Amino acid sequence: MKNLTSNMMLIATLLISGATFARAASSEADFKAAYAAAEAANKEAAGLRNQWTTTAATLAAAKKSADSGDFDQAVTQSREAEALAKASVFQATSEKERWKDLEIR
Amino acid sequence: MSTTANGFPATRRLLLQGAGLVALFGLGQMPFGAAPAHAAANDKYPEDAFKQKSDADAIHALYGKGAEASDKVKLDAPEIAENGAVVPVSVATTLDNVTSIAFLVSENPNALAASYRIPPGTMPSVANRLKMQKTSNVIAIVEAGGKLYSATKEVKVTVGGCGG
Amino acid sequence: MRKWISLVSAALALAFAAPPAIAADTPDPLADAKAFQKYFTTKFPKLKLEDFVNGPYSMNEDLYKQWQEKEQFPPYEFALEAGKEMFATPFRNGKTYGDCFPNQGIGIRQNYPYFDEKEGKVITLELALNRCREANGEPPFSYVKDEMASLTAYMAFTSRGKPFDIKIPDERRALEAYQKGKEYFYTRRGQLNFSCATCHVQEPGERIRAEVLAPALGIMNALPIYRSEWSGMGTTSRRLVTCNSQTRAVPINPQDEEYRDVEYYLSYMSNGLPISGPGARP
Amino acid sequence: MASTIRVRATSNGDITEVQALIQHPMDSGFVKDAQGAVIPAHFIRELTFEHDGKAVFTADWGPAVSKDPYIKFSFKGGKKGDDLKIGWVDNKGATDATVAKIL
């Protein structure tokens, strides 16, 4: 039940972020917001002891793009990082029960 | 396998599971022999031979002539190296009057890996461990009675993963 | 005891609302270990139980030969000698590592990790070694570097052939640690969505990117290991950390509780199998 | 400082089998460090084994010999208790030598 709910929320989030991709040129403020959202999701993953190395790498790439002034790219990468972080959160949550499927008994 | 059963509908794109796993496992096999090379004698560090890129050039720099393949040269090397950093390779021969033995890895940046001087009274048999950058022929050269004989074997080298 | 377990099971079942058939988990380490060992001996009927401590080498003839050749003069030789010397060298206060351990630290590796009932936590050999250093006024070693590998290599060497004898005291916290270790082992993590079990239970003996995977059974017996891939030694901590990062998961810190618990669980699963460390691995 | 050379030499009365392991990085010159800088080549060039005043085996090595190199060979003669002298020199001019007893 709980899984299903978070699942739905995740799908919704992905849809929303997907929709915003189409927008015109991004500003530094857009990047900051997207980056903060990604960082927040990654922090949640850390709380669940399940961060992905790819999230960190994508966050770093976003920062680099922003530093070079390419905010379109920076926003896209931040959203990708957020999606990765959310996937890792989802993984950790669902594994709380699913790990038992693999157990030798 | 349906995505529902998998339980990861929305995140499937991000999870390189399933097909990825299949692709990671399994690997082709089997080597095949390949061409030998060329051939003289050495009593100093063969500086020049170690600088050559190709196996043929290295053998020529080392001996000044070419080698002929011989089933009297027994080269022992793995089919698949457990790791390219440490590949155990050895050679033994039934040939008489052996004066030197050399190992080459054709695909390394410089083909010559090691050369051994065998004085009278020392057995014509050497084991060592070599680095291999990638899948390559390993060539053993035995110099006996002033002539060169060789054996060649392909050793597969692959990169590391979640093994061990 | 029993009562507590059923309470927890009930709580787990409620919390996750999973089908009762799956959630009816009463931690029974002995039965788990039996099933675990049976799984591997069934999967590899030609192997004897003690063969599993040699990891992938028992599963592939070509690799076995390379290993035999390496063992003639094993690459961990230098670490072993360094460890022996370190172990015998007194700290600045005159005490030695031996003073921190039962039997002066000789032939005891098979008893680690153990559950410390006073502290209520799992104590691994690596942790005990650093605590020993700190208790004697020495700075701790990195858990993933050569000094720790050398020390544990020597201690493992003095225990070679002795069967793992991991004990789980009959108390709530010990069983909890065991259960957490098991959960860690089977939990998928990282972008590749692999658990420890994905590689080391489902696929041992198979090649992944051409490397033959080691079976989980006996995997702790060989540690620390000299890995050709690392061109050097690796501790148990290093092994766990790299397993995580290879699945694209950010590793937790060496000797964090999860790692200690999973080492506890895995070592217990290999009870009865001989210590073979230090080992050499691809 | 312990020797970089480990030797096992055993005689069966007729033939002496020698195995040696040497602690040396054998850097190839093709590998980069964590910062992306090339680690310069550093390898043993020559390794010699002497018994009874004469060379019984000489290795000429390039950087493609594995880290902590291993070598195995055997020679006729050599009795239990005899000395075997081993020495190496690398491309930076560093050297080490040891004497081992044949067992």
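Can you spot a residue in region C:53-63 that is on the phi > 0 side of the Ramachandran plot, touching a strand residue (DSSP E or B) at 6+ places or on another chain (Cβ under 9 Å) and either assigned to a helix (DSSP H, G or I) or more than 8 Å from every other protein chain (Cβ to nearest Cβ) (or both)?
Checked against the condition, which is being on the phi > 0 side of the Ramachandran plot, touching a strand residue (DSSP E or B) at 6+ places or on another chain (Cβ under 9 Å) and either assigned to a helix (DSSP H, G or I) or more than 8 Å from every other protein chain (Cβ to nearest Cβ) (or both), region C:53-63 yields at least one hit.
Restricting to strands (runs of 3 or more DSSP E) lying wholly in region D:17-83: which have 3 or more residues that are over 25 Å from B:Thr122 (Cβ atoms) and in contact with a Leu (Cβ under 9 Å, 6 or more places away or on another chain)? Give the derivation first.
Numbers: elements: D:44-51, D:54-61, D:70-76.
Hits in region D:17-83: none.
Which members of region C:21-52 meet the condition of being at the interface with another protein chain (Cβ under 9 Å from one of its Cβ atoms) and small (Gly, Ala, Ser)?
C:Ala23, C:Ala31, C:Ala35
Taking only pairs six or more apart or across chains, which ones have beta-carbon atoms under 6 Å, a first residue in region B:53-72 that is within 21 Å of B:Leu95 (Cβ to Cβ), and a second residue that is of a type in the set (D, E, K, R) and in a loop (DSSP other than H, G, I, E, B)?
The qualifying pairs do not exist here.
Condition (residue is surrounded by fewer than 17 Cβ atoms within 10 Å (Cβ to Cβ), over 19 Å from C:Val250 (Cβ atoms) and modelled with pLDDT of 95 or more) applied to region A:10-31: is it met by at least one residue?
Checking region A:10-31: not a single residue is surrounded by fewer than 17 Cβ atoms within 10 Å (Cβ to Cβ), over 19 Å from C:Val250 (Cβ atoms) and modelled with pLDDT of 95 or more.
So B:Gly161 passes all but one of these: (1) at pLDDT below 95; (2) within 13 Å of chain C (Cβ to nearest Cβ); (3) out of contact with any Asp or Glu (no Cβ under 7 Å at 6 or more places or on another chain). Which condition number does it fail?
(3)
C:Leu192 fails exactly one of the following numbered conditions: (1) out of contact with any Phe, Trp or Tyr (no Cβ under 8 Å at 6 or more places or on another chain); (2) more than 27 Å from A:Leu48 (Cα to Cα); (3) aliphatic (A, V, I, L, M). What is the number of that condition?
(2)
Checking the conditions here, which among B:Glu82, B:Glu154, B:Glu107 is more than 9 Å from every other protein chain (Cβ to nearest Cβ) and part of a loop (DSSP other than H, G, I, E, B)? Break it down stepwise before answering.
Working: B:Glu82 fails: more than 9 Å from every other protein chain (Cβ to nearest Cβ); B:Glu154 fails: part of a loop (DSSP other than H, G, I, E, B).
Criteria check complete, one pass: B:Glu107.
Out of D:Ala55, D:Ala64, report the one residue that is closer than 16 Å to B:Tyr116 by Cβ, crowded, with 16+ Cβ neighbours inside 10 Å and touching a strand residue (DSSP E or B) at 6+ places or on another chain (Cβ under 6 Å).
Numbers: D:Ala55 fails: crowded, with 16+ Cβ neighbours inside 10 Å.
Unique residue meeting the criteria: D:Ala64.
Can you pull out the residues in region B:119-128 that are closer than 23 Å to B:Ala61 by Cα and either charged (D, E, K, R) or more than 7 Å from chain D (Cβ to nearest Cβ) (or both)?
B:Pro124
In this structure, does D:Asp68 turn out to be under 20 Å from D:Ser11 (Cβ atoms) and of a type outside the set (Gly, Ala, Ser)?
On the way: under 20 Å from D:Ser11 (Cβ atoms): no; of a type outside the set (Gly, Ala, Ser): yes.
So D:Asp68 fails the test.
Scan region D:55-103 residue by residue and report those that are polar (S, T, N, Q), over 11 Å from the mean Cα position of the chain (by Cα) and more than 19 Å from B:Ala102 (Cα to Cα).
Keep residues of region D:55-103 that are polar (S, T, N, Q), which gives D:58, D:66, D:74, D:91, D:95, D:98.
Okay, now just the ones that are also over 11 Å from the mean Cα position of the chain (by Cα), so D:66, D:74, D:91.
Correct list: D:Asn91 only.
Given the criterion part of a helix (DSSP H, G or I), aliphatic (A, V, I, L, M) and crowded, with 21+ Cβ neighbours inside 10 Å, identify the matching residue among C:Leu217, C:Leu240, C:Leu223.
Working: C:Leu217 fails: part of a helix (DSSP H, G or I); C:Leu223 fails: part of a helix (DSSP H, G or I).
Result: C:Leu240 is the single residue among C:Leu217, C:Leu240, C:Leu223 that is part of a helix (DSSP H, G or I), aliphatic (A, V, I, L, M) and crowded, with 21+ Cβ neighbours inside 10 Å.
Given the residues A:Ala83, A:Ala45, which is the only one that is over 14 Å from A:Ala29 (Cα atoms), at the interface with chain C (Cβ under 9 Å from one of its Cβ atoms), within 10 Å of the chain's Cα centre (by Cα) and in a helix (DSSP H, G or I)?
Working: A:Ala83 fails: at the interface with chain C (Cβ under 9 Å from one of its Cβ atoms).
Of A:Ala83, A:Ala45, the one residue that is over 14 Å from A:Ala29 (Cα atoms), at the interface with chain C (Cβ under 9 Å from one of its Cβ atoms), within 10 Å of the chain's Cα centre (by Cα) and in a helix (DSSP H, G or I) is A:Ala45.
Right, C:Glu176: in a helix (DSSP H, G or I), more than 11 Å from every other protein chain (Cβ to nearest Cβ) and crowded, with 23+ Cβ neighbours inside 10 Å or not?
no
From B:Ile101, B:Ile141, B:Ile59, grab the single residue that is more than 14 Å from chain C (Cβ to nearest Cβ), touching a helix residue (DSSP H, G or I) at 6+ places or on another chain (Cβ under 7 Å) and either part of a strand (DSSP E or B) or buried (at least 24 other Cβ atoms within 10 Å of the Cβ) (or both). I'd like the intermediate steps shown before the answer.
Working: B:Ile101 fails: touching a helix residue (DSSP H, G or I) at 6+ places or on another chain (Cβ under 7 Å); B:Ile59 fails: touching a helix residue (DSSP H, G or I) at 6+ places or on another chain (Cβ under 7 Å).
Only one candidate passes the filter, namely B:Ile141.
The values are calculated or read from the model by the stated rules, or taken from the named source; none is laboratory data. These numbers were taken from a predicted model, which means no experiment stands behind them. Cβ coordinates were reconstructed from backbone atoms using ideal geometry, including for glycine residues, and neighbour counts include every protein chain displayed.
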